[in-house]
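Written below as structure tokens is the structure these notes are about.
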Amino acid sequence: MAILHTINQSPDTGNQLLACVSRALPDSAIILYEDGVYAALDKIAARPNIELQKLDCKLYAVRDDCEARGLQQAALSKMVKLIDYPEFVELVTQYDVVQAWS
Amino acid sequence: MQFAILINSDPNQSPAVRSALKFTRAALEAGHTIQRVFFYQGAVTTASDMLLPPQNEEKVGELWSELAEKYKLELVVCIAAAQRRGVWSEAEAGRLGYKAHNLRADYTISGLGQLIEASVESDRLVSFG
Amino acid sequence: MATKKIMYINRVTPHSGLTAKESLDVVLIGAAFEQDVALAFIDDGVYQLLKDQQPEKTGSRHVAKSFAALGDYDVRKIYVEQESLDERGLSEADLVDLRHENPEDDYRDTASIRLISREKLARLFGRQDVLFNF
């Protein structure tokens, strides 16, 4: 049973992302949206306490939320795939349950 | 697939109500169905028709109404959360002796049982905020 | 109505707003639907279960006291993440003693709180049909 995690908070505002990464299993995926997309910045994703590259999870960020916040694709981690809402919907159907961290 | 949508955050403090709208619209356009949209905690204020944002700002409650009319969506507002935060249907206000009521058309007020029922009867619960 | 596995994940402190109370309201109403229900307390959520809270000192609500009723609502599985306790210097002895009558054991009076490791609990998340986060 694979989990789709959703994160909507900057990792410097609260500990939503840390809570997620400390519990995300290899077959899961993480969608960063709203302020969650700041974690897609390469510099943040690679921080020692976050290390998204070590997770072995699929990583997604909502394109509109990145663009709205002025995040340039070049500054984002290569591990993160940009998606639009139709793909968000599709991912929800592909995973067994949604863990919407709050 | 059938989704239940839960929204928890106040639309003035979080983009959750708007993100949920985008998700719901994308799901419907892809041919999925929405069992119910449930507004809980701070999100209940979305359903007030006495909010007056400045003219250049969209009324997100109205956007939900438009989507609900187009797709016959059920927009349910939690009664206990709504009463705490001053969102009243005409019937509830009358029953409890309040003079004003402010629930938008297209929304209904009901209990938390509607949330549980929606999450049990749909294929996925998707929560925002 | 189908029976689903529903888990309520509590991650917030008890006295900084309505979230803990409004989470519990969902659990109590949900109990009437006879689903396979579990609660999980992780991160700051473990503070909700501290036994010596005196919320009247600040005029806040006593959620820990309301948890005592969960057994009567047939909510019997209450998971507390061991690491979350450890990180806060807390142990099971600091928590409220929640009990229920276990129908699988001749209705014997049984503790509801089960300590669980972070990894096991993470796997348990994946075995649920519905996850509520408050």
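The values are calculated or read from the model by the stated rules, or taken from the named source; none is laboratory data. Bear in mind that the values here come from a model prediction, so they are computed numbers and not experimental data. Note that each Cβ is placed from the backbone with ideal geometry, even for glycine, and that neighbours are counted across all protein chains shown. Calculation scope for accessible area: heavy atoms of the full protein, side chains included, ligands and nucleic acids excluded. Shrake-Rupley method; radii C 1.70, N 1.55, O 1.52, S 1.80 Å.
A compact table of results
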| quantity | calculated |
| --- | --- |
| Amide H contacts of B:Leu6 (H built 1.01 Å from N, under 5 Å, at least 5 apart or other chain) | B:Phe38, B:Val126, B:Ser127, B:Phe128 |
| Lys/Arg +1, Asp/Glu -1 at C-beta; the range B:2-128 dipole; positive extreme among B:Ile109, B:Leu51, B:Ala81 | B:Ala81 |
| Beta bridges by DSSP in chain A, antiparallel share as percent, to the nearest 5 | 5 |
| Charge dipole (debye, nearest 20) of the range B:2-128; +1 at Cβ of Lys and Arg, -1 at Cβ of Asp and Glu | 200 |
| Sparsely packed GluC sites (Glu not before Pro) within the range B:45-129, loop by DSSP, other Cβ within 10 Å at most 10 | B:Glu57, B:Glu58 |
| Residue-by-residue Karplus 3J(HN,Hα) for the range C:12-22, coefficients 6.51, -1.76, 1.60, Hz, glycine and proline x | 10, 5, x, 10, 10, x, 8, 4, 4, 5, 6 |
| Distance from the range B:33-84 to the range B:110-129 (C-alpha centre basis), Å | 16 |
| Farthest positive-ward along the protein assembly as shown dipole, Cα basis, beta-carbon charges - from A:Ala74, B:Tyr40, A:Pro48 | A:Ala74 |
| Highest-fluctuation residue, A:Tyr38, A:Tyr60, A:Tyr85 considered, GNM on chain A with Cα pairs under 10 Å | A:Tyr85 |
| Whether the range C:5-133 is rounded, prolate or oblate, judged on the alpha carbon gyration tensor where a/c under 1.5 counts as rounded | rounded |
| Solvent-accessible area buried by B and C, counting both chains, probe 1.4 angstrom, square angstrom | 1500 |
| Percent breakdown of C-alpha pair distances by 20 Å bin, ordered from the shortest bin, for the protein assembly as shown | 28, 59, 13, 0 |
| In Hz, Karplus ³J(HN,Hα) per residue of the range C:39-54 (6.51, -1.76, 1.60; θ = phi - 60°; x = Gly, Pro) | 10, 10, 10, 9, 6, 5, x, 5, 4, 4, 9, 4, 7, 9, 6, 10 |
| Compactness of the range A:3-100, expressed as Rg and Dmax over alpha-carbon positions, Å | 12.0, 33 |
| Whichever aspartates and glutamates have a C-alpha closer than 19 Å to that of A:Lys81, once near sequence neighbours (fewer than 8 apart) are set aside | A:Asp27, A:Glu34, A:Asp35, A:Asp42, A:Glu51, A:Asp56, A:Asp64, A:Asp65, A:Glu67, A:Glu90 |
| C-alpha center-to-center spacing [the range C:48-121, the range A:60-96] in angstrom | 38 |
| Diffusion coefficient, µm² s⁻¹, Stokes-Einstein with Kirkwood Rh over alpha-carbon pairs of the range B:2-128 at 4 °C and 1.567 mPa s | 89 |
| Out-of-range pairs (alpha-carbon distance over 20 Å; input A:Lys58/B:Lys22; C:Lys21/C:Lys120; A:Lys58/C:Lys4; C:Lys21/C:Lys51) | A:Lys58/B:Lys22; C:Lys21/C:Lys120; A:Lys58/C:Lys4 |
| C:Leu115 long-range amide H proximity, modeled H, under 5 Å | C:Val80 |
| Amide proton proximity set for A:Val80, modelled H, under 5 Å, gap of 5+ | none |
| Fraction of antiparallel bridges per DSSP, chain C only, in percent to nearest 5 | 20 |
| Under the Karplus curve 6.51 cos²θ - 1.76 cosθ + 1.60, θ = phi - 60°, whole-Hz ³J(HN,Hα) for the range C:112-120, x wherever Gly or Pro sits | 8, 6, 10, 6, 8, 6, 4, 5, 5 |
